[in-house]
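What follows is a single structure, written as structure tokens, with notes after it.
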Protein chains: 2
Amino acid sequence: MVEETRERIMEATYRTLCEYGYASLTMQDIADECDCSKSLLHYHFDTKEDLLVALLAHLLERFEERADTTDADPRDQLVGLVEGFLFGDERNRSEHRAFHTALLELRAQAPHNETFRDQLAENDAQVHATVTAVIERGIDAGRFRNVDAPRTAAHLLAAVQGARIRWVTLGHDTAVDTIHEALVSDVIDGWLVAE
Amino acid sequence: MVEETRERIMEATYRTLCEYGYASLTMQDIADECDCSKSLLHYHFDTKEDLLVALLAHLLERFEERADTTDADPRDQLVGLVEGFLFGDERNRSEHRAFHTALLELRAQAPHNETFRDQLAENDAQVHATVTAVIERGIDAGRFRNVDAPRTAAHLLAAVQGARIRWVTLGHDTAVDTIHEALVSDVIDGWLVAE
């Protein structure tokens, strides 16, 4: 598949997933949004599930590209990552929310669906490795205290995850704002940054 | 409804939910487990949804009863709460996992289901109030630093939630163990407890 076609299909899958959620999304919805034929989609992806797994891999690639900035101050880079996870990047907040609502449906399938589970585990492991690397760089630079970096990364990511789920399931906008303050003021600046 | 009947129905609903998950659970499954007629169940609860909402309220009541121990050391009480959230109480770990797998399915319905959303919000608010009260008691007693108690409670609960979801969706048993260490060693004993 040429890169341009792939990019177009992935963008259309992302937008339709945000709009329709996981359960009611069809290959036809994606084809319509993509302005391509359903048979073209099926030529590249057997099922809706395959398409969504490819989307998760695509989003991971994009995350890795954006996160690859090793010349920033480690504290600022870590805060930037946390803010991206909580509020989205260039995307707007309502789109970020729609995406995480759909992603929650997908996660709820994972205990019974090995394909989703494997890709979610892959995304999870890579994001954890990226956050861990930033913390390790901060420790090496003397900017952070000598903490357990993988554990601290897991802690930040679990809190982000829990806050997003509270936000999308209960509709509490303050959930992500409160956790943003807790993670930046209490964990990063209050505990992690070296005196 | 007499209290004994209610207790029996709630126990049966809990066990069948753990066994079958949310989607495939039927009123007949619950009646079979309860050793009562489906018509008795329907007499008290119109739908499976009503029964599950009643179960969430019942579990909240039980949590509140257990959490009502104001003579314990605030640090130990807070650690006990975190451990209960992560590992379950008197229940075994595989049952705790089965319950949280089913609860995740239920949460994934909440954005589209007001009845679930309202009850989940109620449970969430009460648990947050209980954890906040323990932190406030610790601050008043000079055991904890003078932190923002509601924010710290939200932080602990978000991390617990995120870890449990990672555990049930990806099957990583270490997810809850790592967050246990992070919350007890780094947040509670490393940051919250007064020097």
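The values are calculated or read from the model by the stated rules, or taken from the named source; none is laboratory data. On a predicted model such as this, the values are computed, not experimentally measured, just so you know. Every residue, glycine among them, receives a Cβ derived from its backbone with ideal geometry; neighbour counts consider all protein chains shown.
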| field | Pairs, first of a type in the set (Asp, Glu) in the range B:170-195, second part of a loop (DSSP other than H, G, I, E, B) and modelled with pLDDT of 95 or more, C-beta under 9 Å, six or more apart | value | B:Glu181/A:Asp148; B:Asp186/A:Val147; B:Asp186/A:Asp148; B:Glu195/B:Arg145
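Across the range A:181-195, what is the number of residues that are surrounded by fewer than 19 Cβ atoms within 10 Å (Cβ to Cβ) and either facing another protein chain (nearest Cβ under 9 Å) or part of a helix (DSSP H, G or I) (or both)?
Step one: of the range A:181-195, the residues surrounded by fewer than 19 Cβ atoms within 10 Å (Cβ to Cβ) are A:181, A:184-185, A:189-191, A:193-195.
Filter once more, keeping what is either facing another protein chain (nearest Cβ under 9 Å) or part of a helix (DSSP H, G or I) (or both): A:181, A:184-185, A:189-191.
So the count comes out to 6.
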| field | Which listed residue is of a type in the set (A, V, I, L, M, F, W, C) and within 15 Å of the chain's Cα centre (by Cα), from B:Leu51, B:Leu25, B:Leu40, B:Leu60 | value | B:Leu60
| Looking at the range A:50-70, which of its residues are under 14 Å from A:Leu81 (Cβ atoms), buried (at least 18 other Cβ atoms within 10 Å of the Cβ) and among the β-branched types (Val, Ile, Thr)? | none
| query | Can you tell me which residues in the range B:129-152 are part of a helix (DSSP H, G or I), facing chain A (nearest Cβ under 10 Å) and either among the basic types (Lys, Arg) or closer than 29 Å to A:Leu106 by Cβ (or both)? | reply | B:Arg151
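Which residue, of A:Ala102, A:Ala121, is farther than 17 Å from A:Asp73 by Cβ, free of Cβ contacts under 8 Å to residues at least 60 places away in the same chain, part of a helix (DSSP H, G or I) and of a type outside the set (Asp, Glu)? Explain how you work it out, then say what you get.
Values: A:Ala102 fails: free of Cβ contacts under 8 Å to residues at least 60 places away in the same chain.
Criteria check complete, one pass: A:Ala121.
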| request: State whether the residues of the range B:126-134 include one that is under 12 Å from the mean Cα position of the chain (by Cα) and small (Gly, Ala, Ser). | output: no
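Being of a type in the set (Ser, Thr, Tyr), closer than 15 Å to B:Ala153 by Cβ and either in a loop (DSSP other than H, G, I, E, B) or out of contact with any strand residue (DSSP E or B) (no Cβ under 9 Å at 6 or more places or on another chain) (or both) narrows it down to one of A:Thr169, A:Thr178, so name that one. Walk me through it before giving the result.
Values: A:Thr169 fails: closer than 15 Å to B:Ala153 by Cβ.
Just one listed residue meets the conditions, A:Thr178.
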| Scope the range A:161-174; condition facing chain B (nearest Cβ under 7 Å) and within 15 Å of A:Gly84 (Cβ to Cβ); matching residues | A:Gln161, A:Ala163
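Just a yes or no: is a residue in the range A:139-158 aliphatic (A, V, I, L, M) and closer than 23 Å to A:Thr16 by Cα? First the steps, then the outcome.
Quick first cut of the range A:139-158, residues aliphatic (A, V, I, L, M) only: A:139, A:141, A:147, A:149, A:153-154, A:156-158.
Remaining after also requiring closer than 23 Å to A:Thr16 by Cα: none.
Among the residues of the range A:139-158, not one is aliphatic (A, V, I, L, M) and closer than 23 Å to A:Thr16 by Cα, which makes the answer no.
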| task | Looking only at the range B:1-26, count how many residues are within 26 Å of B:Ala108 (Cβ to Cβ), of a type in the set (A, V, I, L, M, F, W, C) and surrounded by fewer than 19 Cβ atoms within 10 Å (Cβ to Cβ). | result | 1
| Which one of these does B:Thr115 not meet: (1) within 12 Å of another protein chain (Cβ to nearest Cβ); (2) modelled with pLDDT under 95; (3) surrounded by fewer than 19 Cβ atoms within 10 Å (Cβ to Cβ)? | (1)
